[in-house]
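Written out below as structure tokens is the structure these notes cover.
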């Protein structure tokens, strides 16, 4: 498998873009921990934070080694640990992982957390895994998915499976606009830089940040995995999400959300299962 360093990307200022993003995620942690969006109190009382799509795609994890990429402050990682996995979470935010480790100790769990850029995971995390998992707002922080796919393949044990549950690229064409008008390209045309205020978990939080993201088509995602030698087993597209992330969402009876402007008419999330050949 090709070894890739994140700093070898041809965009000379990529380090600066990642540093901006890391500062933004560090600053978000206190607001996210205190927010109703993440529901930390309910989690401490036993609630599982994984979405129905996460659980369906991953399946049983009892006794399996599970690697959670871009885990933020670890609620989903710890949820997998509660379900019987031997879970390891990776994130580039030291502030987020400090909280993850605090929750891990508070609950008496034995998950591991490793601080590194996701593209450096193979160099920082020992061993291979039965499951590599990532979800919800992750790939848009990466400029190129080819090294991401290589990282996933290198972290999987033979026969191991990779699962992603993610917002559909369709929604990022409008992002957090007041409607679904197209404002950004479906395809990766380079970094999208924004000056943001607040955060999706608390829009009134006194936060300001400079952030950089990249849009990726479904073809980008699938081809990155295929180029890395993984075998695609399942691709799902769904008309709802399970997080109140965007403005103007309608809550459904089952607790999921759809755009109020076009309920059930547009793709909002996708899921993929791929496997490393045995």
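Throughout, read-outs are computed from the coordinates displayed, never taken from laboratory work. In this text the structure is predicted, and so the values were computed from the model without any measurement. Glycine gets a Cβ as well: all are built from the backbone with ideal geometry, and neighbour counts include every protein chain shown.
Can you put 116, 155, 71 in order of Cβ neighbours within 10 angstrom, beginning with the fewest?
116, 155, 71
For the chain, what does the helix formula give at 222 nm: sum of -39500 (n - 2.57) over DSSP H segments with n ≥ 4, over the residue count, nearest 500 deg cm²/dmol?
It lands at -8500 deg cm²/dmol.
Per 10 Å bin, what percent of the C-alpha pairs of segment 85-230 does each bin hold, from zero upward?
Pair shares across the bins are 10, 34, 35, 19, 2.
Hey, can you rank 236-246, 36-46 by average C-beta count inside 10 Å, highest first?
236-246, 36-46
Could you tell me which of rounded, prolate or oblate describes segment 154-278, using a ≥ b ≥ c as the square roots of the eigenvalues of the alpha-carbon gyration tensor, with rounded for a/c under 1.5 and, failing that, prolate when a/b is larger than b/c and oblate otherwise?
Prolate is the answer for segment 154-278, as a/c is 1.5 or above and a/b outweighs b/c.
Say each of residue 36 and residue 253 gets a label point 7 Å from the Cα, pointing the same way as Cα to Cβ; how far apart are those two points in nm?
Those two pseudo-labels are separated by 2.3 nm.
Using Cβ contacts closer than 10 Å as the measure, can you line up 136, 148 from fewest to most?
136, 148
With the alpha-carbon atoms as the only input, what is the per residue convex hull volume for the chain in Å³?
Each residue corresponds to 123 Å³ of Cα convex hull volume.
Considering only the chain, what is the antiparallel percent among its DSSP beta bridges, to the nearest 5?
If I count the DSSP bridges inside the chain, around 60 percent turn out antiparallel.
Provide the FRET efficiency to the nearest 0.05 for the residue 237-residue 105 pair, computing r from the beta carbons and using R0 = 41 Å.
The calculated FRET efficiency here is 0.60.
Once you put a point 7 Å from the Cα of residue 208 and another 7 Å from the Cα of residue 44, both along the Cβ direction, what distance in nm separates them?
Output for this residue pair reads 3.3 nm.
Tell me whether segment 1-146 comes out rounded, prolate or oblate; compute the Cα gyration tensor, take square roots of the eigenvalues as a ≥ b ≥ c, and use a/c under 1.5 as the rounded threshold.
Cα axes put segment 1-146 in the oblate bin.
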